[in-house]
Amino acid sequence: MSEKPEPAESALALLEYPNSYPLKVFGKHADDFESVVLALVRARCPQAEHIEVHRRCSKGGKYLALTLVFTVYSQQQLEEIYQDLYDCEQVVISL
């Protein structure tokens, strides 16, 4: 009989915490998209004093890509941020 393989460890578990983390978030270009995304991140990461934001519009201007760089303090905190972004209707994808 063959042994069951070990479940793959999450890449987030391999990070050392606290860590400066670049988070990419894509959504439809709307006036409040950036503020909604920042509010979701700050709700789970209130100790992040500074969140560096880089913006890039798609060629046709329909989508906005945000790269947020901030300090994350635990794997659970990062997983909660990703879940909140997944649940947000304005977010198309987050990486």
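The values are calculated or read from the model by the stated rules, or taken from the named source; none is laboratory data. Only a predicted model underlies this, so the values are computations on that prediction, with no experimental measurement involved. Counting neighbours? That spans all protein chains shown, and the Cβs are built from the backbone with ideal geometry, glycine included.
Residues that are under 13 Å from the mean Cα position of the chain (by Cα) and of a type in the set (S, T, N, Q) within the stretch 30-68 comprise just one, THR67.
Taking the condition exposed (fewer than 11 other Cβ atoms within 10 Å of the Cβ) and at pLDDT 95 or above, does ASP87 pass?
yes
Only residues that are exposed (fewer than 15 other Cβ atoms within 10 Å of the Cβ), under 11 Å from LEU68 (Cα atoms) and acidic (Asp, Glu) were counted in the stretch 29-56, giving 1.
Here SER20 clears all of (1) touching a Ser or Thr at 6+ places or on another chain (Cβ under 9 Å); (2) at pLDDT 95 or above except the condition numbered (2). VAL69 falls short on exactly one of the conditions (1) surrounded by 12 or more Cβ atoms within 10 Å (Cβ to Cβ); (2) free of Cβ contacts under 8 Å to residues at least 12 places away in the same chain, and that condition is (2). Just one of the numbered conditions (1) in a helix (DSSP H, G or I); (2) under 27 Å from ALA13 (Cα atoms) is not true of LEU68; which one? Exception for LEU68: condition (1).
Of the residues making up the stretch 35-55, those that are assigned to a helix (DSSP H, G or I) and either touching a Leu at 6+ places or on another chain (Cβ under 6 Å) or in contact (Cβ under 8 Å) with a residue 40 or more places away in the chain (or both) are VAL36, VAL37, LEU40, VAL41, ALA43, ARG44.
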